[in-house]
1. In the protein assembly as shown, which Cys residues have no partner Cys with a Cβ closer than 4.7 Å?
2. If C:PHE132, C:PHE12, C:PHE211, B:PHE156 are ordered by their accessible area, calculated over protein heavy atoms with a 1.4 Å probe, which sequence runs from highest to lowest?
3. Quantify how strongly other chains surround peptide C:43-53 by giving the mean number of their Cβ atoms within 10 Å of each of its Cβ atoms.
4. Return the tail of the calculated pair distribution for the protein assembly as shown, meaning the percent of Cα-Cα pairs more than 51 Å apart.
5. Sorted by mean Cβ packing within 10 Å, highest first, what order do the peptides A:54-66, A:96-108 take?
6. On C-alpha positions alone, give me the angle between the axis of helix C:91-101 and the longest principal axis of chain C, in degrees, nearest 10.
7. Could you bin all the Cα-Cα distances of the range C:2-45 into 10 Å bins starting at 0 and give me the percent of pairs in each, rounded to whole numbers?
8. What are the ³J(HN,Hα) values, in whole Hz, obtained from phi via the Karplus relation 6.51 cos²θ - 1.76 cosθ + 1.60 with θ = phi - 60°, for each residue of the range A:94-101 in sequence order, with x given for Gly and Pro?
Amino acid sequence: MDTRNPDETEQPGTAVNPDRRDFLNALAGAAFAVAAVGSIAVTVEYLSPNVLFEPPTNFRIGPPENFALDSVTYLPEQQVYIVREPAGFTVISAICTHLGCITQWSEDINMIACPCHGSRFRKNGSVEHGPAPSPLPHFLIGLTSDGNLTVDKLTIVPPTQVFKA
Amino acid sequence: MSENRKFEAGIGSDFSKDPVRIVFITKKTSAKVRGVLRDQVMSYPHVVLREIIAFELLTIVLVLMALFWDAPLEQLANPLLTPNPAKAPWYFLGLQELLHYFPPIVAGVLIPVLIIIGLVAIPYFDLNVKGEPLWNARRTPRLRIFCGIVLIFLMFFGVYKAWSIFVTTAIIAALAVAGYFVPAGRGSAIEYLRSRSLPWWLMTWFIIMACILTIIGTFFRGPGWSWVWPWR
Amino acid sequence: MSASLQSTLKGFCNNRVWRSIFRRAPARTNRTRSIAIFGNLFLHALPVKVREKSLRVRATYYLGSFSFFLFVVLTLTGIMLMFYYHPAAPKAYNDMKDLRFVVSEGIFLRNLHRLAAQAMVLAVFWHMFHVFYRGGYKPPHEFNWVIGVVLLLLTLFLSYTGYLLPWDQLAFWAITVGTNIISYIPILGKPTRFLLLGGHEIGENALLRFFVLHCVILPLAMIVLIALHFWRIQKDGGLTIRESDERK
């Protein structure tokens, strides 16, 4: 008599070709994997919005005369600083490079300060001190034919590039 | 083989407490019971009753507090104006305090991920299953490794001028190392520290660090994340 | 008097209707008490018998129970609050004002929800630390500890997604700072943030996404994992009792 417990011995299935069984198992597994990857891909695609209603990245800010010499003007709608110095115009992002807080221009210390984690930036966007890892980016500024300044927030220019108006 | 030897029959004793039950113990398939079954009580009603009492206590405390303590509501969200200081929920203020010291990739990504991996890995490390005291065996090599790692950490904290973390870590490490030098059988407090295991020290360091950073972030940080005294 | 009361109670518990619901006689013997536990969908999360030592307050402080009860309170108050909440900006903020000044008991429900949320974060953390110091993570409880860590993360994420819903300054900037941390994750960071917010900045899409996460996806995940967590306590042999407890 077989003394092994039937519950603990492996039960052979009905006699089949083992190669065929392995092949079908692999096929089913592969089909399942493809379906899973595909489902995840289309879910991610579905969840990524194609149309966004966000503020324009390209905007006009008026004629150069609106900005006094040696002034820093904060544009709240576009979240940029318009810096006018004797050399010309620069446009600096007002969003802290650390964690996205809106920085504030502080006249008395001549510095751009972030309220969240204490980063400080100089007038040219470089980091004075604090946790911010990189300087504030500069955006492209130009002049339209009708005498208005335009800013393009999608084009980042080196801090040395100054626009003469 | 005779069929009747495949199982034995018996009757459970102590039927003043337990219901009478007939036990069939079949050969080969019997469940092995290890451990002892002492001081057991029926879940119904003992556990059920205690849970209901706990739930009632909780409800009473919550309702009383909710009656007298209003949830805060500030101005309408304004993407153009950052409040100063902008603070995360209290349980993330420790993390925000770390962000003040270290670069975001370290404080925001590396440290949380390491904490989670560390927590998940706790039960899968052999070394802490027995809870063996840190200085029980291989004392000198362990002391060298321990002090070396602590010094690397302290240098890292010093470079980033994270003095609150630096001081706390130094004190806890000093307490851990003190157990190496103090002979056994002194006062009970020293004996307690001496008998702690390495995981115990790590977890205690983590908890104290988290509490201190959270308290600093909650009460000691003002505009521009500058240091303020809450009583001024 | 008391005899007649008892017989009334007995009659109440011992008729066809009672038996049709509970399928057992009143639980007065250990056999019917056992059936009371494992014959009940909700109570069968508990073992039939427990060690008396694991019931002592100092063994658990009932922290796991409190965490679970807080989740129940949060589910109930959360469902109630949803009746008056629109996940749209700035309507969400006006709903908060309405809950405070217009809706009867609205402020009470919101207080309760917020308070329970804070308490749950605290309770879950404390529960984890307590289990650690008692050695409750040791074999055979390793996997249940890991489930517990995931439950802690879910609790934090639930609390965090709920933080945006009032749509006030506190909410907006806490979420701004938090989601910007995500974008520092190498390679995956920025796409993850875009998916989570449904855009490049926090707006209506983000509010709706956080609402769905907070009210549907995360609570469902939480319920499944809580069930697994409780079930594993039983399968892993009950709560940990230390050797030092045995002597007492």
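The values are calculated or read from the model by the stated rules, or taken from the named source; none is laboratory data. Computed from a prediction, not measured in an experiment: that's the story for all the values here. Positions of Cβ are backbone-derived with ideal geometry, glycine not excepted, and every protein chain shown enters the neighbour counts. Just the protein is used for accessible areas: all its heavy atoms, side chains included, with ligands, DNA and RNA removed. Shrake-Rupley method; radii C 1.70, N 1.55, O 1.52, S 1.80 Å.
1. Those would be B:CYS147, B:CYS211, C:CYS13, C:CYS215, since no other cysteine Cβ in the protein assembly as shown comes under 4.7 Å of theirs.
2. C:PHE12, B:PHE156, C:PHE211, C:PHE132
3. Numbers: counts 5, 1, 0, 5, 3, 5, 8, 7, 5, 5, 3.
Mean partner shielding for this stretch: 4.
4. Values: 58348 of 207690 pairs.
Within the protein assembly as shown, distances greater than 51 Å cover 28 percent of Cα pairs.
5. Highest to lowest by the protection proxy: A:96-108, A:54-66.
6. Rounded to the nearest ten degrees, it is 50.
7. Going from the shortest bin to the longest, the percentages are 28, 47, 23, 3.
8. Per residue, the Karplus-derived 3J(HN,Hα) values read 9, 8, 4, 6, 6, 9, x, 6 Hz.
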